[in-house]
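**Q** Below you will find the structure I want to go over with you.
The values are calculated or read from the model by the stated rules, or taken from the named source; none is laboratory data. What you are looking at is a predicted structure, and each value in this text was computed from that prediction instead of being measured. In this analysis, Cβ positions are derived from the backbone assuming ideal geometry, glycine residues included, and neighbour counts consider all displayed protein chains. In case anyone asks, the SASA skips ligands and DNA or RNA and just uses the protein heavy atoms, side chains included. Shrake-Rupley method; radii C 1.70, N 1.55, O 1.52, S 1.80 Å.
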Amino acid sequence: MGSGFVGCCTAWLLSKQGFDVTIISPRKDITGGSIAALGLLMANVFQRSSGRNWRLRQQSLALFGQWQQELEAAGFEVPIQRGLWMLANSSNQFEKQQALAEKRKKENIKLETFDPIQLNNFVNSGRLPELPKGVCGALWSEFDGQLEPQQWMQALLRNGQNYGLEIIDGLVNQLKQDCGSWQVSWLGNSNDQKYSENRKFDVILLCSGLASTELLKPLAEDISTAITLQPVIGQALELKLPTDINWQGSINWDGINLVPRAGGRLWLGATLEPAQTASEMGATGALQAMQHLNGAAPEWLKRAQILRKWQGVRAQPLKRTAPVLELLLPGLMILAGHYRNGILLGPASAAWAAANILN
């Protein structure tokens with residue numbers, strides 16, 4: 001249930017492994033909360049070197065390369081733009097970046113650091129655009145990067161259909177245990193005709209973000225109260241740059257991501273606002289602050305023209321680490337609460353589900 005990035009990854013992997021898989025999700029939500037994502041892959045630049053989150057990030061980064069080869073061999077275009085700049089806005093942050101690069105070197109993972117003088121040389125040579133005010137250094141990761149979430153999701157779904165994946169335009173409204181299986185009821189839409197249906201399944205995978213917890217409430221009080229997800233708005237902008245500015249890799253500055261696009265365009269995002277929907281005033285103010293990089297934007301970014309803006313709702317777990325990957329009851333799993341890493345952790349989450357089903 002749910003056809004965001006995690007749902008698409010999971011359905012594709014299980015279909016490819018030979019399972020009989022059905023996605024049930026409203027067509028209007030076919031991209032789910034993933035619509036807010038810019039597709040940044042931040043694995044090697046993660047500050048930790050142990051624990052579940054580190055392992056999931058490394059597993060996903062490896063799987064993305066494998067999946068890309070498989071999908072391209074099947075005729076789908078799923079590019080990954082490699083390269084990521086993490087800009088430091090203080091000397092203390094740059095020292096941490098240098099320490100991380102040294103630690104990664106011992107793990108045979110290549111990260112490079114550059115001081116302000118070196119960065120200025122990159123700007124002058126055109127490798128980088130004019131940088132935000134106050135840059136104190138940068139960390140460069142060759143293997144982290146960015147992908148276009150919707151392009152990947154469409155490829156995963158279409159290729160999954162070649163393996164027998166069934167996609168139903170429907171809104172699930174009830175789950176019930178039924179003699180060792182699960183009965184699922186949903187309201188569907190076919191040829192603009194509304195209908196209700198129910199069917200039995202052996203395994204249920206809840207990949208529907210905030211909606212996942214609503215479906216759990218009637219099942220068991222201890223489960224529904226133990227898993228609490230709060231909505232967080234993520235906003236993004238697509239900009240037309242005033243001049244033809246090109247550089248290699250995406251840029252992260254103080255939590256704001258800059259992703260260069262073809263045709264002199266730029267994706268910029270994403271804000272984080274605890275709310276189900278952003279108010280017009282709040283949304284405008286947050287977007288303006290984001291475009292100006294909280295006061296540090298170079299002149300070329302200030303003069304960029306807004307082509308479009310969009311937002312999506314992310315699910316953030318409360319009192320537990322993201323993401324929530326748990327076997328709740330026999331045949332019932334939840335894959336939700338990925339917060340800002342639903343794209344990066346999609347393949348690893350799918351692999352977790354597959355391993356639990358196989359076991």
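Here's the yes/no breakdown for (1) open to solvent by less than 20 Å² (accessible area, probe 1.4 Å); (2) without any contact (Cβ under 8 Å) to a residue 60 or more places away in the chain:
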position: Asn108; (1), (2): no, yes
position: Asp115; (1), (2): no, yes
position: Leu119; (1), (2): yes, yes
position: Lys133; (1), (2): no, no
position: Arg158; (1), (2): no, no
position: Asn162; (1), (2): no, no
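**Q** Among the residues of region 10-33, is any within 23 Å of Gly249 (Cα to Cα), of a type in the set (A, V, I, L, M) and surrounded by fewer than 22 Cβ atoms within 10 Å (Cβ to Cβ)?
**A** no
**Q** Among the listed residues Ala289, Ala283, identify the single one that is at pLDDT below 85, open to solvent by less than 60 Å² (accessible area, probe 1.4 Å) and closer than 26 Å to Pro132 by Cα.
**A** Just a single option satisfies the conditions, and that option is Ala283.
**Q** Let me ask something additional. What are the residues in region 306-336 that are assigned to a loop (DSSP other than H, G, I, E, B) and under 18 Å from Leu40 (Cβ atoms), if any?
**A** Ala322, Pro323
**Q** Given the criterion of a type in the set (Asp, Glu) and modelled with pLDDT of 90 or more, identify the matching residue among Glu238, Glu214, Glu221.
**A** Matching residue, one of Glu238, Glu214, Glu221: Glu238.
**Q** Which of (1) under 30 Å from Ser3 (Cα atoms); (2) among the aliphatic types (A, V, I, L, M); (3) over 23 Å from the mean Cα position of the chain (by Cα) is the odd one out, the single condition Leu156 does not satisfy?
**A** (3)
**Q** If you check Lys103, Lys96, Lys28, which single one turns out to be at pLDDT below 95 and part of a helix (DSSP H, G or I)?
**A** The unique qualifying residue is Lys28.
**Q** Out of Gln161, Gln183, Gln174, which single residue is of a type outside the set (Gly, Ala, Ser) and assigned to a helix (DSSP H, G or I)?
**A** Gln161
**Q** With the requirement that a residue be under 28 Å from the mean Cα position of the chain (by Cα) and open to solvent by 80 Å² or more (accessible area, probe 1.4 Å), what does region 121-131 give you?
**A** Glu130 - this is the single residue of region 121-131 that is under 28 Å from the mean Cα position of the chain (by Cα) and open to solvent by 80 Å² or more (accessible area, probe 1.4 Å).
**Q** Among the residues in region 71-82, are any in contact with an Asp or Glu (Cβ under 8 Å, 6 or more places away or on another chain), open to solvent by 40 Å² or more (accessible area, probe 1.4 Å) and either at positive phi or not aromatic (Phe, Trp, Tyr) (or both)?
**A** Taking every residue of region 71-82 in turn, at least one turns out to be in contact with an Asp or Glu (Cβ under 8 Å, 6 or more places away or on another chain), open to solvent by 40 Å² or more (accessible area, probe 1.4 Å) and either at positive phi or not aromatic (Phe, Trp, Tyr) (or both).
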